[in-house]
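In what follows, a single structure is set out as structure tokens and then discussed.
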Amino acid sequence: KFLNLESIPCPLNVVKCKLALEKLLPDETLIVHLDKGEPEEMVKKALTEMKYCFKTIDENQHTMKLKIFNES
């Protein structure tokens, strides 16, 4: 699954990310494309609090892509 959160302000990007994760099946992953800076920090913090694993799979000067998955 893919979620484009570019140009989505905080905290709306965190809310949209959480909603998308709730719809994932246990073996599915979510790719999130978001802006660097505060959006990146807020989403990563929320993912850590929710016990999701994530890694950066692509980034440039302004945006990044995170791959999010369940640890189970």
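The values are calculated or read from the model by the stated rules, or taken from the named source; none is laboratory data. All values reported here derive from a predicted model rather than from experimental measurement. Because the Cβ atoms are built from the backbone with ideal geometry, glycine has one as well, and the counts that use them run over all protein chains shown. Remember, those area values only see protein heavy atoms, side chains included, never the ligands or the DNA or RNA. Shrake-Rupley method; radii C 1.70, N 1.55, O 1.52, S 1.80 Å.
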Go over the candidates N60, N13 one by one and state the one that is free of Cβ contacts under 8 Å to residues at least 40 places away in the same chain, out of contact with any Asp or Glu (no Cβ under 7 Å at 6 or more places or on another chain) and open to solvent by less than 80 Å² (accessible area, probe 1.4 Å). N13
How many residues are within 16 Å of N70 (Cβ to Cβ), polar (S, T, N, Q) and part of a helix (DSSP H, G or I) if we restrict to segment 1-54? 1
Within segment 11-51, can you find the residues that are over 11 Å from the mean Cα position of the chain (by Cα) and closer than 25 Å to Q61 by Cβ? P11, L12, K36, G37, E38
Could you figure out which of (1) in contact with a strand residue (DSSP E or B) (Cβ under 9 Å, 6 or more places away or on another chain); (2) at pLDDT below 95; (3) surrounded by 12 or more Cβ atoms within 10 Å (Cβ to Cβ) isn't true of E71? (3)
